[in-house]
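Asker: Could you have a look at this structure, given as structure tokens, before my questions?
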Number of protein chains: 2
Amino acid sequence: MPRQTSRDLRNESRFEVLHALFSLGPSTRQEIAKHTGLSTATVATLVTQFLAEGVLRIATVEQNTVGRPYERLSIDPDRGRILGIDVAETYVDATVYDVTLGPLGQSEVALDEHENDQAYVVGGIVRAVEAAVAASGTRRDQIIGAGVSMPGQVRPDAGVSVFAPNWDWHDVKIEELLEERLSMPVYVDNPLKAVALSEMWFGVGRETKTMAVVNLGTGVGAGIAIDGSLLRGAANNAGEWGHTLLQLDGRQCRCGRRGCVEAYLGVHGLEMSLAEIDPDHPALRQPLQRGFVDAVAEGLAADDPALLELARRTSHYLAAGLGDLINLLNISHVTLTGWTTEALAEWLLPAVRAELPEHVLPGSQPGLTVEASRVPGNAVALGMATFTLEQFLGALGLASPASAPGTRRRLRTPASAKS
Amino acid sequence: MPRQTSRDLRNESRFEVLHALFSLGPSTRQEIAKHTGLSTATVATLVTQFLAEGVLRIATVEQNTVGRPYERLSIDPDRGRILGIDVAETYVDATVYDVTLGPLGQSEVALDEHENDQAYVVGGIVRAVEAAVAASGTRRDQIIGAGVSMPGQVRPDAGVSVFAPNWDWHDVKIEELLEERLSMPVYVDNPLKAVALSEMWFGVGRETKTMAVVNLGTGVGAGIAIDGSLLRGAANNAGEWGHTLLQLDGRQCRCGRRGCVEAYLGVHGLEMSLAEIDPDHPALRQPLQRGFVDAVAEGLAADDPALLELARRTSHYLAAGLGDLINLLNISHVTLTGWTTEALAEWLLPAVRAELPEHVLPGSQPGLTVEASRVPGNAVALGMATFTLEQFLGALGLASPASAPGTRRRLRTPASAKS
């Protein structure tokens, strides 16, 4: 039985100081104490340790008219670089971050969603990484590691893509494959866990510790945080809201079941809905899913009646599906993310908010908010970089209370950070 | 921000020692250490404290051929009595327990499900309590308190029945009403939380810390434990699986929404299913829900074809609804409870187990078990007594890590326990 010791508590305090600096930016010891709830004395002790270890640096010194000068502390951005990589069915997005998780360079490579060869997908990841590393002006020896989100079911502790339905991958040792090709430590996880973590660190998580982050793209799903802990489930598969029912014995879902939420709200679900409304609609002739979603957004902006009906039906499905999530978990904060959200939020969100009260039990309605994510950039890539940073902090002896999946701790201290 | 201190950790250890004694029965210090993972020295220190406080007593002393005698410790059952009360739409079940949660006496009072007057319901509770107290030979001054489960949405911290759909109750101060009538401390909660807690203490919770307990009765819902913590949600409404969708825009549910799981798996849902199969079936002429369920069980035992078709459809609905719960939460252990389960499990469970793999994602299938609850007696009443015991232990300075809803600590030490 795992047991929390006083050493864990000290580590948790150390982690919270760093987390506060990520949230607040450069801050005084007093501001950190206020944000974390730790005593000023504890914060002062921990900051002294961090300065000695080179994790923090003094960013600015301010002199007020009276009293001692105020030092603002920040995490030393030169300690290393981290890659966050979002691998989806239709693209790879790689971003290089500094250790304060500020983006330095990014690259996107398109993937053909009809191609499922391992070498093809791995090749796309490698090209995206190389371009992002070049764009950010990063030296290889600065890189602490790469966090790679793979679609479908992933076991971070084993580094394995257990099942990727779109590619029909089973038990692919993706971490090993990528470490060999990229020559850097790799941490793999699932995009739902990544978006939840980025929302916990940089989005609505600043205000609440309990939330659902609903991702709408080729696949759909939810990242769920309860009291500041990521819900992983028995085998890291929690959050498969996309494979809960909207309609018993309804539309065929690619998971094999019928009537799943994803068969209505995944991009292919939207295509099926539009085909029911107007089977000859020109948007359906787009060969790739992203092209379809872009065509829908353009047509909606031009008040295309078939697409307005598509938006109406999609909002109805989305309100119903979110109602299920809220009724089951009694979660007050729902954030929408993913590229369908980015393209269509302005048409979907007002209608969803209007219909949602019809689906939510009275006791779960007070304080309920549904918003598009405020996390800047690619939330999956940012979340994967955050996981990688947590692993790195873990290797420094800092436990994250939130997301630790009990993975192997293999991330090295980079050469630049040791000096 | 709540913060766990080393004092909480000590209290958690104290709680685990008591929890081990509830699970194991009379045990030696060595057995307690093995079960809890605490060191033998820590267990010895805590046991000495408990003996001094009169919480534990030495149950037996065994002398082996060599070495020191072994003392078996148990919780002192004479420290007080606890009432666990299950208030449903159709009955009140009150049970008196000793502080080891052994049942001493029980009583059931039928409620007319068409009657929603507060005085009527409270009167039924009082009659059940009086009969159970008499049946158990309990003196009033021995009673530590009563845990009362109320149907619908309950706020334990406020002692309020927020919304009881069957009675159309809104914000009824039920705890205050009952404390006045019963002259004892009352703790109220929701039956889903109660069944989950009793399963955590006395059922599958002995083997796992993560589980869903699915209650099938007039209403249906799930009690959910994640890593040993009860999932409560923002307003104690988590677990309303009964009000997630089986069929978008399907059957009218009493919650106002259409197509909810409860409209198919609650007793009224079963009545609607049977009416679709054979609107003139004699089981539908039973005036009360319990009579209907008993008639269905009798007819199934006699191979009534309409009822066999009802069992087939109900199993299909149940497998689909459980599939949603498992896919979303990646929970490996599902326990079925409630009076529909008791009456119909032998017809439903084999069919549900056979169909379930069609609804569950491959990654969530390994190790998946679905069973009828092994918790003896009324799991709601037992869970409510367990909550009340936790409150009592809390008042002694023992924090339960699992279920504490941040309630007021008002349970008194009874006269008999003080002596």
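Asker: How do the pairs read when you match residues in segment A:266-278 that are under 26 Å from A:Pro151 (Cα atoms) with residues anywhere that are outside any helix (DSSP H, G or I) and among the charged types (D, E, K, R), using Cβ under 9 Å and keeping only pairs 6 or more apart or on different chains?
Answerer: Close Cβ pairs satisfying both conditions: A:Gly266/A:Arg254; A:His268/A:Arg254; A:Gly269/A:Arg251; A:Met272/A:Arg251.
Asker: Are any residues in segment B:113-162 of a type in the set (Gly, Ala, Ser) and assigned to a helix (DSSP H, G or I), and if so, which ones? Walk me through it before giving the result.
Answerer: Our first condition is that a residue be of a type in the set (Gly, Ala, Ser); within segment B:113-162, this holds for B:119, B:123-124, B:128, B:131-132, B:134-137, B:145-147, B:149, B:152, B:158-159, B:161.
Those that are of a type in the set (Gly, Ala, Ser) and assigned to a helix (DSSP H, G or I): B:Ala119, B:Gly123, B:Gly124, B:Ala128, B:Ala131, B:Ala132, B:Ala134, B:Ala135, B:Ser136.
Asker: Quick check, is B:Thr65 more than 30 Å from B:Gly217 (Cα to Cα) and not hydrophobic (A, V, I, L, M, F, W, C)?
Answerer: So B:Thr65 fits the description; yes.
Asker: How many of the residues in segment A:248-265 are buried (at least 21 other Cβ atoms within 10 Å of the Cβ) and either among the acidic types (Asp, Glu) or assigned to a helix (DSSP H, G or I) (or both)?
Answerer: 4
Asker: What tally of residues in segment B:217-234 results from selecting those that are over 15 Å from the mean Cα position of the chain (by Cα), crowded, with 21+ Cβ neighbours inside 10 Å and either more than 11 Å from chain A (Cβ to nearest Cβ) or of a type in the set (Asp, Glu) (or both)?
Answerer: 1
Asker: Additional query: From the list B:Leu322, B:Leu348, B:Leu336, which residue is modelled with pLDDT of 95 or more, under 17 Å from the mean Cα position of the chain (by Cα), surrounded by 21 or more Cβ atoms within 10 Å (Cβ to Cβ) and in the same structural domain as B:Ile226 (by TED's automatic domain parsing)?
Answerer: B:Leu336
Asker: Could I ask something else about it? Of all residues in segment A:309-319, which are open to solvent by less than 10 Å² (accessible area, probe 1.4 Å) and either over 16 Å from A:Leu216 (Cα atoms) or of a type in the set (Val, Ile, Thr) (or both)?
Answerer: Matches in segment A:309-319: A:Thr314 only.
Yes or no, residue by residue, for (1) away from chain A (no Cβ under 14 Å); (2) in a helix (DSSP H, G or I); (3) closer than 25 Å to B:Ala212 by Cα:
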residue: B:Ala311; (1), (2), (3): yes, yes, yes
residue: B:Ala319; (1), (2), (3): no, yes, yes
residue: B:Gly323; (1), (2), (3): no, yes, yes
residue: B:Ile326; (1), (2), (3): no, yes, yes
residue: B:Ile331; (1), (2), (3): no, no, yes
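Asker: Given the conditions (1) under 23 Å from A:Asp249 (Cα atoms); (2) outside any helix (DSSP H, G or I); (3) open to solvent by less than 10 Å² (accessible area, probe 1.4 Å), report the number of the one that B:Asn237 does not fulfil.
Answerer: Every condition holds for B:Asn237 apart from (1).
Asker: Yes or no: A:Glu176 among the acidic types (Asp, Glu), over 23 Å from B:Asn330 (Cβ atoms) and either more than 9 Å from every other protein chain (Cβ to nearest Cβ) or surrounded by fewer than 21 Cβ atoms within 10 Å (Cβ to Cβ) (or both)?
Answerer: On the way: among the acidic types (Asp, Glu): yes; over 23 Å from B:Asn330 (Cβ atoms): yes; either more than 9 Å from every other protein chain (Cβ to nearest Cβ) or surrounded by fewer than 21 Cβ atoms within 10 Å (Cβ to Cβ) (or both): yes.
When the stated conditions are applied, A:Glu176 passes them.
Asker: Additional query: Let me confirm something: among B:Val162, B:Val121, which residue is without any contact (Cβ under 8 Å) to a residue 60 or more places away in the chain and surrounded by 15 or more Cβ atoms within 10 Å (Cβ to Cβ)?
Answerer: Result: B:Val121 is the single residue among B:Val162, B:Val121 that is without any contact (Cβ under 8 Å) to a residue 60 or more places away in the chain and surrounded by 15 or more Cβ atoms within 10 Å (Cβ to Cβ).
Asker: What number of residues in segment B:285-308 are in a helix (DSSP H, G or I), open to solvent by 50 Å² or more (accessible area, probe 1.4 Å) and either modelled with pLDDT of 95 or more or hydroxyl-bearing (Ser, Thr, Tyr) (or both)?
Answerer: Residues in segment B:285-308 being in a helix (DSSP H, G or I), open to solvent by 50 Å² or more (accessible area, probe 1.4 Å) and either modelled with pLDDT of 95 or more or hydroxyl-bearing (Ser, Thr, Tyr) (or both): 6 in total.
Asker: Quick check on segment B:351-380: of everything there that is open to solvent by 10 Å² or more (accessible area, probe 1.4 Å) and polar (S, T, N, Q), which residue is nearest to the other protein chains (Cβ to nearest Cβ)?
Answerer: B:Gln365
Asker: Among the numbered criteria (1) open to solvent by 10 Å² or more (accessible area, probe 1.4 Å); (2) under 30 Å from B:Ser161 (Cα atoms); (3) within 14 Å of another protein chain (Cβ to nearest Cβ), which one does B:Phe15 miss?
Answerer: With (1) open to solvent by 10 Å² or more (accessible area, probe 1.4 Å); (2) under 30 Å from B:Ser161 (Cα atoms); (3) within 14 Å of another protein chain (Cβ to nearest Cβ) applied to B:Phe15, the lone miss is (1).
Asker: Going through segment B:235-269 one residue at a time, which ones are of a type in the set (A, V, I, L, M) and either more than 8 Å from chain A (Cβ to nearest Cβ) or within 21 Å of B:Gly205 (Cα to Cα) (or both)?
Answerer: Listed by number, the residues that qualify are B:Ala238, B:Val261, B:Ala263, B:Leu265, B:Val267.
Asker: For residues in segment A:77-112 being assigned to a loop (DSSP other than H, G, I, E, B) and open to solvent by 30 Å² or more (accessible area, probe 1.4 Å), which is modelled with the highest pLDDT?
Answerer: Ranking the qualifying residues of segment A:77-112, first place goes to A:Asp112.
Asker: Looking at segment B:193-216, which of its residues are part of a helix (DSSP H, G or I) and open to solvent by 10 Å² or more (accessible area, probe 1.4 Å)?
Answerer: Looking only at segment B:193-216, we keep the residues that are part of a helix (DSSP H, G or I), and these are B:193-202, B:204-206.
The answer is B:Met200, B:Phe202, B:Gly205, B:Arg206.
Asker: Same structure again: Taking the criterion of being without any contact (Cβ under 8 Å) to a residue 24 or more places away in the chain and farther than 18 Å from A:Leu322 by Cα, would at least one residue in segment A:212-227 satisfy it?
Answerer: Within segment A:212-227, one or more residues are without any contact (Cβ under 8 Å) to a residue 24 or more places away in the chain and farther than 18 Å from A:Leu322 by Cα.
Asker: Further question: What's the number of the only condition in (1) surrounded by fewer than 23 Cβ atoms within 10 Å (Cβ to Cβ); (2) touching a Cys at 6+ places or on another chain (Cβ under 8 Å) that A:Ser273 fails to meet?
Answerer: Tallying (1) surrounded by fewer than 23 Cβ atoms within 10 Å (Cβ to Cβ); (2) touching a Cys at 6+ places or on another chain (Cβ under 8 Å), A:Ser273 fails exactly one: (2).
Asker: Considering only residues that are of a type in the set (Val, Ile, Thr) and in a helix (DSSP H, G or I), look in segment A:343-390 and name the one that is farthest from B:Leu245 (Cα to Cα).
Answerer: A:Thr388
The values are calculated or read from the model by the stated rules, or taken from the named source; none is laboratory data. This is a predicted model, so every value here is computed, not measured. Cβ coordinates were reconstructed from backbone atoms using ideal geometry, including for glycine residues, and neighbour counts include every protein chain displayed. These accessible areas exclude ligands, DNA and RNA; they are computed on the full protein's heavy atoms, side chains included. Shrake-Rupley method; radii C 1.70, N 1.55, O 1.52, S 1.80 Å.
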